[in-house]
Amino acid sequence: MKIWTSEHVFNHPWETVTQAAMRKYPNPMNPSVVGVDVVGRHVDAAGQLHSHRLLSTEWGLPSLVRSLLGTGRTKTYIKEHSIVNPTQRTMELKSTNITLTNLVSVDERLVYKPHPDDAEKTMLVQEAIISVKGVSLGSYLEGLMASTISANAKKGREAMEWVIGKINVEIEELAATACGSMHELKSAISGAAAATGTSF
């Protein structure tokens, strides 16, 4: 068993980062994720949002790992469960593979929470537990997979920044549309007032 951990600080508020985490796929940085399906979503009695998703991915196992595991299969499915607690401002995301489980299991946990020293920043704590089963050189393979996970985590953070950029553009466009609509409304009211001689 190999445990991989990482911490990262996003220079964005928690609300923005969690929104980006829910909209992370598809993105050009992680083309290996080829499909995302929402299996279930509900809000519990405490006001927490639970989401269950199924991710289809080209896992990207190194060819050496595939040959040592004795599988040519590259497409895998991952189940993901996330809990967003808007009161405590935390988002916990857990995922695990549901294919190739007889050979390897990867259990990931990500926690997003406001930075303790700066509320305008968000901490990401990430952990992966990798277990290769029933093959020789298991610890070596686990190390290789940990390196792959580390590289993918970097791409994942880049993807988050890409999604946050898209969210910021959407907000700017909505603000511009709202300002334009208000201007049109004021003009229409002024025109109607002038036509009827009424003052508002």
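Using beta carbons and a limit of 7 Å, which pairs, at least six apart or on different chains, have the first residue in the stretch 86-97 and over 17 Å from H42 (Cα atoms) and the second one open to solvent by 20 Å² or more (accessible area, probe 1.4 Å) and of a type in the set (A, V, I, L, M)?
That search, which allows pairs on different chains as well, returns S95/I78; T96/I78; N97/I78.
What number of residues in the stretch 88-113 are over 17 Å from S150 (Cβ atoms) and at pLDDT 95 or above?
Counting residues in the stretch 88-113 that are over 17 Å from S150 (Cβ atoms) and at pLDDT 95 or above gives 11.
Which of (1) on the phi > 0 side of the Ramachandran plot; (2) assigned to a helix (DSSP H, G or I) does G134 not meet, given it meets every other one?
That leaves (2) as the condition not met.
Identify all residues within the stretch 22-38 that are farther than 18 Å from M160 by Cα and either in contact (Cβ under 8 Å) with a residue 40 or more places away in the chain or out of contact with any Lys or Arg (no Cβ under 6 Å at 6 or more places or on another chain) (or both); write none if there are none.
Kept after step one, since they are farther than 18 Å from M160 by Cα, are these residues of the stretch 22-38: 37-38.
Hit for the stretch 22-38 is D37, nothing else.
Out of the stretch 94-103, which residues are closer than 21 Å to R53 by Cβ and either among the basic types (K, R) or in contact with a strand residue (DSSP E or B) (Cβ under 9 Å, 6 or more places away or on another chain) (or both)? Before you say what the answer is, go through the steps one by one.
Taking the stretch 94-103 and keeping what is closer than 21 Å to R53 by Cβ, we get 94-101.
Listed by number, the residues that qualify are K94, S95, T96, N97, I98, T99, L100.
For the stretch 33-54, which positions are loosely packed, with under 11 Cβ neighbours inside 10 Å and touching a His at 6+ places or on another chain (Cβ under 7 Å)?
Of everything in the stretch 33-54, those that are loosely packed, with under 11 Cβ neighbours inside 10 Å and touching a His at 6+ places or on another chain (Cβ under 7 Å) turn out to be G40, H42, D44.
The values are calculated or read from the model by the stated rules, or taken from the named source; none is laboratory data. All of these numbers come straight from a predicted model, not from anything done at the bench. Cβ: placed from backbone, ideal geometry, glycine included. Neighbour counts: every protein chain shown. Just the protein is used for accessible areas: all its heavy atoms, side chains included, with ligands, DNA and RNA removed. Shrake-Rupley method; radii C 1.70, N 1.55, O 1.52, S 1.80 Å.
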